[in-house]
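A.B. asks: Here it is, the structure in full.
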Amino acid sequence: MTNSGRKDIERLANLLLTLAGTRRGYTAAQLMEMVGYGGEPASRERALERDKQALNECGVNIEKLVDVLDENLVRYRVSPRPGSLRPNADEWPLLRAAADTLGRGALASRVRAKLAALGPRESSERYRVADENQPPDVALLLAAAAQAQTVEFSYRRPGSGGAKTRLVEPWQVAPVEGRWYLLGYDRQAGEKRLFRLSRIVSSPKLKGDAREEHPAGQDIAQALEAYRAGKGGERRAVEFLAAPGKLLHERELAGVGPAQERFSLTLSYADALAAALANPLWCDLVAPADWAAKAGESYARIAALHRGEGEVPAYEEVAAAPLRRIRPGGGENVTLMASLAAYVYANPRVEVAHLAERFQLSREQVEKHLATLYMCGQRTPDGFEDLVEASWEDGVAQVANVGAFSQVLAFTEVEARALGEALGYLLPNLLPADQQLALGLMALLGTGAVHEGGQETFSAGRETFAAEENPFAPLINEAISRGEDLTLLFAGAAQANPRLRTVTPLQLVISRGRLYLRAYCHENRAERRFRLDRIIACAKCADELQELLLACDGSRWEEEARAVAQLNLDQATLRLAPGAWWLAEAFAGRLAGVTAEGDSIAVVTNPVPAALIEACFEADGEAEAVSPPQLRAVIRDIANARFSALSD
């Protein structure tokens with residue numbers, strides 16, 4: 001924080017304390033004198049107006065009082081906002097995880113700071129959001145949609161290389177399938193457009209009021225489905241032949257157990273092919289015959305793409321996108337400082353190290369904010385009067401006279417809406433008991449929890465989600481809360497036979513739309529992450545799972561899996577058609593360049609081999625693993641094996 005930045009925060013804090021310390025109110029002239037605005041009269045007035053606006057954005061309700069006898073005499077004071085959220089020890093971890101999905105912008109920073117101050121000191125962090133490619137500022141985009149504003153940002157389309165500036169009027173911002181999207185009116189294109197937020201490479205900026213009327217009935221999930229139109233079609237009965245313990249989601253839809261190899265369910269061709277391609281080691285789509293033949297064509301195309309040695313084609317180098325560094329302004333910093341002060345006041349003699357961890361700051365940053373608090377004061381006829389007491393001796397923080405800062409902790413309408421939408425993003429990945437908590441919080445935040453047919457559902461402009469009971473979720477939740485061990489029957493990505501793993505569950509981690517269990521694995525004697533959709537069953541005692549383990553014998557599927565298990569990838573180079581750029585995003589790949597045909601050359605580092613192979617198949621011929629040769633050979637062999645199985 002620069003000296004000028006610290007003075008800006010100090011001035012904002014002094015203005016807040018001065019306004020909160022009066023019931024009668026102060027005129028603009030009195031405020032400028034007491035707070036210490038310098039310069040020409042016009043510039044002083046502009047600075048005061050900017051500071052009042054900054055405090056309003058932070059959640060401070062500045063009331064304008066017009067004198068009943070003289071309408072030209074206007075005073076200002078702070079009045080409390082009603083309905084401040086006070087989360088308990090069970091609610092706070094959900095809100096904290098939701099706030100972490102809102103990106104890195106100003107509004108999101110304020111939400112996180114307020115939550116850090118409002119939550120109880122002792123609370124478990126049951127969930128952690130570990131999305132590496134966080135969108136730039138979901139909260140600001142949500143606010144723009146709610147307030148009919150226009151935003152400007154730089155957007156990089158798949159395979160296009162450079163980014164282009166877009167001017168968009170957001171209609172809806174919501175997550176679909178674990179990714180945030182924006183649906184709105186693109187002024188340059190003159191039509192409705194859908195944008196994936198992970199492809200925005202700059203900090204969005206507000207650019208005034210929207211011009212077009214917001215049409216009713218717009219839905220991002222429907223827009224995405226329309227975008228994919230032509231890939232789906234009619235729904236038919238589909239028969240799969242799958243290794244035991246694999247395709248657990250499809251098995252659940254079909255109502256069959258994990259050991260049954262043949263099962264049927266009704267799907268569109270797009271969904272049936274996606275399920276088969278996403279599990280190339282473990283699954284054959286065997287009926288209907290014409291769909292099986294079309295799936296065989298996909299495998300043949302993938303095999304042909306990986307025939308022979310891979311060559312990196314000529315491409316035009318593309319400079320890496322600069323790291324999006326968003327420097328907090330005065331409003332965000334005063335929110336953070338006020339939140340720190342309020343938390344220290346509520347928890348006397350709290351350690352500076354604890355503050356740093358809770359507010360996601362360095363120890364030096366915490367001490368700088370406390371030092372700014374210490375300097376807060378106002379000019380009086382008798383000199384300078386201190387308004388706040390602050391100390392941080394011996395690593396222990398204490399404050400006094402900071403009651404006015406509680407005004408900053410109330411959520412604005414836009415902040416509450418953003419937090420509610422973020423809870424909706426997490427909702428499908430929460431354990432059942434937490435889903436009910438989240439639904440209640442969403443209703444409190446005004447995000448549209450409704451009741452339909454006696455079952456509580458969430459509806460906020462996208463597909464209705466009904467909280468469903470996971471058969472072993474209660475066990476996981478109980479084990480996390482009590483610190484107890486569990487035994488998992490786990491189907492590894494490159495393992496034909498599931499294995500029993502004794503673990504101590506620690507936390508649930510949400511990453512790229514999937515839910516993982518972070519746990520201490522007793523076999524590896526280290527922490528590991530387990531995808532929940534690959535856990536076949538779990539129990540407190542391993543003996544309870546022995547019969548199911550024996551039933552899930554996938555030995556006859558083992559040969560191809562062995563080659564995948566032996567792969568060790570430090571780096572892989574991929575050639576991606578425009579429709580497959582998502583693959584590079586999923587593996588945090590680096591864009592090296594773009595070919596004359598518009599394909600992207602991407603480099604991914606230390607990928608999990610099985611996951612990368614599955615993704616290359618999911619791309620359905622739009623992704624080529626150029627190197628290393630071992631990776632190409634494994635993909636080719638698997639594709640040939642699947643084609644042969646469908647041709648017999």
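The values are calculated or read from the model by the stated rules, or taken from the named source; none is laboratory data. These figures come from a predicted structure and were not determined experimentally. Cβ atoms come from the backbone with ideal geometry, glycine included; neighbour counts cover every protein chain shown. Note: accessible area is taken over every heavy atom of the protein model, side chains too, but ligands, DNA and RNA are not part of it. Shrake-Rupley method; radii C 1.70, N 1.55, O 1.52, S 1.80 Å.
A.B. asks: Residues of segment 565-590 being closer than 19 Å to GLN630 by Cβ and either without any contact (Cβ under 8 Å) to a residue 12 or more places away in the chain or open to solvent by 30 Å² or more (accessible area, probe 1.4 Å) (or both), which ones?
C.D. replies: Hits for segment 565-590 are ALA565, GLN566, ASN568, ASP570, GLN571, ARG575, PHE587.
A.B. asks: Open to solvent by 20 Å² or more (accessible area, probe 1.4 Å), within 20 Å of ALA496 (Cβ to Cβ) and modelled with pLDDT of 90 or more: is that true of ALA633 in this structure?
C.D. replies: yes
A.B. asks: Return the residues of segment 385-437 that are under 17 Å from ALA139 (Cβ atoms), over 20 Å from the mean Cα position of the chain (by Cα) and open to solvent by 50 Å² or more (accessible area, probe 1.4 Å); say none if nothing qualifies.
C.D. replies: Selection gives GLU413 alone.
A.B. asks: Name the pairs whose Cβ atoms lie under 7 Å apart, with the first residue in segment 204-220 and charged (D, E, K, R), the second modelled with pLDDT under 80 and surrounded by 10 or more Cβ atoms within 10 Å (Cβ to Cβ), and 6 or more positions between them or separate chains?
C.D. replies: ASP219/GLY461; ASP219/ARG462
A.B. asks: All but one of (1) modelled with pLDDT under 85; (2) open to solvent by less than 60 Å² (accessible area, probe 1.4 Å) hold for ARG379; which doesn't?
C.D. replies: (2)
A.B. asks: Out of the residues in segment 591-611 meeting the condition of being in a helix (DSSP H, G or I) and open to solvent by less than 30 Å² (accessible area, probe 1.4 Å), tell me which one is farthest from LEU241 (Cα to Cα).
C.D. replies: PRO609
Quick grid of which residues meet (1) touching a residue at least 60 places away in the same chain (Cβ under 8 Å); (2) part of a helix (DSSP H, G or I); (3) touching a helix residue (DSSP H, G or I) at 6+ places or on another chain (Cβ under 8 Å); (4) of a type in the set (Val, Ile, Thr):
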{"site": "ASP8", "(1), (2), (3), (4)": "yes, yes, yes, no"}
{"site": "LEU15", "(1), (2), (3), (4)": "no, yes, yes, no"}
{"site": "THR18", "(1), (2), (3), (4)": "yes, yes, yes, yes"}
{"site": "THR22", "(1), (2), (3), (4)": "no, no, no, yes"}
{"site": "TYR37", "(1), (2), (3), (4)": "no, no, yes, no"}
{"site": "ARG46", "(1), (2), (3), (4)": "no, yes, no, no"}
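A.B. asks: Restricting the first residue to segment 530-547 and requiring it to be under 16 Å from ALA611 (Cα atoms) and at pLDDT 85 or above, which pairs with a second residue that is open to solvent by less than 30 Å² (accessible area, probe 1.4 Å) and part of a loop (DSSP other than H, G, I, E, B) meet a Cβ separation below 8 Å and a spacing of at least six or different chains?
C.D. replies: Note: pairs meeting the criteria are ARG534/ALA491; ARG534/GLY492; ARG534/ALA493.
Residues checked against (1) surrounded by 15 or more Cβ atoms within 10 Å (Cβ to Cβ); (2) more than 37 Å from the chain's Cα centre (by Cα); (3) under 22 Å from LEU12 (Cα atoms); (4) at pLDDT 85 or above:
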{"residue": "PRO41", "(1), (2), (3), (4)": "no, yes, yes, yes"}
{"residue": "LEU48", "(1), (2), (3), (4)": "yes, no, yes, yes"}
{"residue": "LYS52", "(1), (2), (3), (4)": "yes, no, yes, yes"}
{"residue": "GLU57", "(1), (2), (3), (4)": "yes, no, yes, no"}
{"residue": "ASN72", "(1), (2), (3), (4)": "no, yes, no, yes"}
{"residue": "PRO80", "(1), (2), (3), (4)": "no, no, yes, no"}
{"residue": "LEU95", "(1), (2), (3), (4)": "yes, no, no, yes"}
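A.B. asks: Let me ask something additional. Check ILE220 against each of (1) in contact with a helix residue (DSSP H, G or I) (Cβ under 9 Å, 6 or more places away or on another chain); (2) at pLDDT 80 or above; (3) β-branched (Val, Ile, Thr) and name the one condition it does not meet.
C.D. replies: (1)
A.B. asks: Tally the residues that are open to solvent by 40 Å² or more (accessible area, probe 1.4 Å), over 31 Å from the mean Cα position of the chain (by Cα) and under 30 Å from ALA633 (Cα atoms), restricting the search to segment 260-299.
C.D. replies: Of the residues in that region, 8 qualify.
A.B. asks: Which members of segment 607-646 meet the condition of being touching a Leu at 6+ places or on another chain (Cβ under 7 Å) and polar (S, T, N, Q)?
C.D. replies: Of everything in segment 607-646, just one residue is touching a Leu at 6+ places or on another chain (Cβ under 7 Å) and polar (S, T, N, Q), namely GLN630.
A.B. asks: Let me ask something additional. Search segment 165-179 for residues being among the charged types (D, E, K, R) and at pLDDT 80 or above, and hand back the single one that is least open to solvent (accessible area, probe 1.4 Å).
C.D. replies: GLU169
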